[in-house]
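For reference, the structure is listed below as structure tokens.
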Amino acid sequence: MKKKTLVLTENFPPMSGGSGRWFWELYSRLPTDEYLVVADDIAGAFEFDKSHNINVIRMPLSCSEWGFKSLLGLNFYFHSVRQLIKIIKDENITHIHTGRVIHEGVIAWLLSFLTKTTYITFVHGEDVETAATSREHNLMVKQVCKKAQAIICNSHNSANIVKRLSYASDNKITVLHPGFDEQKFFPAKHDPLFKEKMGWVDKKIILTVGRLQERKGQDKMIEAMPALLKQNPNTLYVIVGRGECKENLECLVERLFLQNNVQFLDEISDEEMIKCYQQCDLFILPNRTIDNDIEGFGMVLVEAQACGKAVVAGDSGGTKETMDIGNSGLVIDCSKSEIISAALNDLFSNESRLQKMGLEGETFVNTHFTWDTHLIKAKKTFAQFNV
């Protein structure tokens with residue numbers, strides 16, 4: 001039987017989110033007979049797995065407690081390790097790639113003692129930053145990183161966090177930026193039928209795509225709308241995504257009487273989402289740091305630029321690495337709504353600059369962030385560490 005690498009990740013389609021899409025795009029481009037994905041068994045997984053030819057095994061990989069002090073956490077690790085030992089033996093697994101340090105990396109760390117299987121782990125920035133706030137989790141991350149053959153960070157910012165927290169040094173760290181599919185994300189002509197269908201006719205569309213959570217900053221963009229509307233009364237802020245903050249955001253919209261100027265889209269297809277990128281006027285990820293929770297990279301900023309759109313992002317985490325700052329996009333303090341509204345009013349007052357930024361962004365990301373470029377770097381990284 002051919003030797004395989006096991007990819008252990010809770011975040012994998014049909015689960016939405018940037019890291020899940022990253023793993024899908026990467027491992028779907030690698031030889032299917034050399035990789036086995038073990039992913040969370042969530043609603044829609046069975047139907048999704050019938051649509052592709054990747055080798056996927058589904059098992060429960062979600063737990064509300066990730067520490068060893070909790071009986072729930074201990075039980076989760078015990079059952080996960082027991083299931084995976086059988087998979088490692090049955091599938092001739094020689095290496096493991098883990099989607100995060102906690103909790104997938106912890107599982108691989110335990111497996112390394114029991115089965116002598118080597119592993120590497122991916123780091124997204126916010127995962128290790130948040131883990132550092134808990135003494136127990138901090139110790140767990142240190143052990144996982146110490147035993148790992150390599151640590152793949154999604155940005156230089158994430159790599160700097162790993163080094164600052166003394167989890168690993170340069171000789172073990174590789175930076176591998178996520179990418180985008182240039183066959184799907186590209187500029188498109190004005191589409192009046194789509195705009196009519198969406199209720200976007202004669203409106204300036206500001207778009208955000210991302211999970212509805214506090215650090216993504218949709219609330220601050222909503223708070224910026226009244227000042228923005230004074231100069232640009234036909235502006236519509238479109239929010240694509242799902243998450244725990246949906247109800248709070250809807251209440252904020254009502255409190256500011258913005259029902260006609262903010263649109264929530266959480267039940268759209270990938271094709272419709274791409275059209276949103278292509279038909280909007282400006283993309284913003286108004287992210288900010290909440291406690292130690294940061295934006296690791298910001299794939300959506302890359303995707304928006306690929307569609308020829310100027311982008312604006314908050315000054316948190318690795319967002320600076322997604323763009324050619326000043327030429328294809330802006331990085332601003334998105335913790336203050338007045339800074340957001342001022343920046344967007346300034347951009348909308350100069351249409352030629354907005355268009356030029358979109359063109360610059362398309363060139364920039366096609367040079368640096370296609371999945372083909374990403375795949376070449378990933379293969380080199382895996383070969384370097386013999387994984």
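Working carefully through the options Lys197, Lys184, Lys220, find the one that is in contact with a helix residue (DSSP H, G or I) (Cβ under 7 Å, 6 or more places away or on another chain), of a type in the set (D, E, K, R) and part of a helix (DSSP H, G or I).
Lys220
With respect to Ile239, is the statement that it is under 18 Å from Gly17 (Cβ atoms) and modelled with pLDDT of 95 or more true?
Yes: the conditions hold for Ile239.
Out of all the residues in region 330-338, is one or more farther than 23 Å from Glu129 by Cα, in a strand (DSSP E or B) and free of Cβ contacts under 8 Å to residues at least 60 places away in the same chain?
Within region 330-338, one or more residues are farther than 23 Å from Glu129 by Cα, in a strand (DSSP E or B) and free of Cβ contacts under 8 Å to residues at least 60 places away in the same chain.
Can you name the residue in region 42-72 that is closer than 24 Å to Trp109 by Cβ and part of a helix (DSSP H, G or I) and is also least open to solvent (accessible area, probe 1.4 Å) among such residues?
Leu72
Name the residue that is surrounded by the most Cβ atoms within 10 Å (Cβ to Cβ), counting only residues in region 87-126 that are of a type in the set (D, E, K, R) and not in a helix (DSSP H, G or I).
The qualifying residue surrounded by the most Cβ atoms within 10 Å (Cβ to Cβ) is Arg100.
Being of a type outside the set (Asp, Glu), under 29 Å from Ala159 (Cβ atoms) and surrounded by fewer than 18 Cβ atoms within 10 Å (Cβ to Cβ) is the filter here; which residues of region 333-346 pass it?
Ser335, Lys336, Ile339
Within region 1-17, which residues are of a type outside the set (Ser, Thr, Tyr), open to solvent by less than 20 Å² (accessible area, probe 1.4 Å) and assigned to a strand (DSSP E or B)?
Within region 1-17, Leu6, Val7, Leu8 meet the criteria.
Looking at Trp200 and the list (1) within 26 Å of Glu303 (Cβ to Cβ); (2) free of Cβ contacts under 8 Å to residues at least 12 places away in the same chain; (3) among the aromatic types (Phe, Trp, Tyr), which single condition is not satisfied?
It is condition (2) that Trp200 fails.
Being open to solvent by less than 10 Å² (accessible area, probe 1.4 Å), of a type in the set (Gly, Ala, Ser), closer than 24 Å to Ile152 by Cα and part of a loop (DSSP other than H, G, I, E, B) is the filter here, so list the residues in region 276-326 that pass it.
The answer is Gly296, Gly298, Ser316, Gly318.
Among the candidates Leu236, Leu265, Leu252, which residue alone is aliphatic (A, V, I, L, M) and closer than 16 Å to Lys203 by Cα?
The conditions single out Leu236.
Those residues that are modelled with pLDDT under 90 and either among the aliphatic types (A, V, I, L, M) or touching a His at 6+ places or on another chain (Cβ under 8 Å) (or both), I need them from region 117-129; list them, please.
Once the filter is applied, which keeps residues that are modelled with pLDDT under 90 and either among the aliphatic types (A, V, I, L, M) or touching a His at 6+ places or on another chain (Cβ under 8 Å) (or both), region 117-129 yields only Val128.
Just give me the residues in region 227-269 being open to solvent by 70 Å² or more (accessible area, probe 1.4 Å), touching a residue at least 60 places away in the same chain (Cβ under 8 Å) and in a helix (DSSP H, G or I), in sequence order.
Scanning region 227-269 gives a single hit, Gln231.
Among (1) under 26 Å from Leu26 (Cα atoms); (2) modelled with pLDDT of 95 or more; (3) open to solvent by 10 Å² or more (accessible area, probe 1.4 Å), there is one condition Thr370 misses while meeting the rest; what is its number?
Failed condition: (2).
Please go through region 18-41 and give me each residue that is aromatic (Phe, Trp, Tyr) and open to solvent by 10 Å² or more (accessible area, probe 1.4 Å), ordered by number.
Hits for region 18-41 are Trp24, Tyr35.
Looking at region 67-80, can you tell me whether even one residue there is among the hydroxyl-bearing types (Ser, Thr, Tyr) and touching a strand residue (DSSP E or B) at 6+ places or on another chain (Cβ under 6 Å)?
no
Regarding Phe194, is this residue buried (at least 20 other Cβ atoms within 10 Å of the Cβ), within 18 Å of Lys309 (Cα to Cα) and of a type outside the set (Lys, Arg)?
The answer is no for Phe194.
Run Gly199 past the list (1) more than 24 Å from Thr381 (Cβ to Cβ); (2) buried (at least 19 other Cβ atoms within 10 Å of the Cβ); (3) in contact with a strand residue (DSSP E or B) (Cβ under 8 Å, 6 or more places away or on another chain) and report the number of the one that doesn't hold.
(2)
The values are calculated or read from the model by the stated rules, or taken from the named source; none is laboratory data. Everything quoted here is computed from the prediction, not taken from an experiment. Cβ: placed from backbone, ideal geometry, glycine included. Neighbour counts: every protein chain shown. Side chains are part of the model used for accessible areas, which takes the heavy atoms of the whole protein and leaves out ligands, DNA and RNA. Shrake-Rupley method; radii C 1.70, N 1.55, O 1.52, S 1.80 Å.
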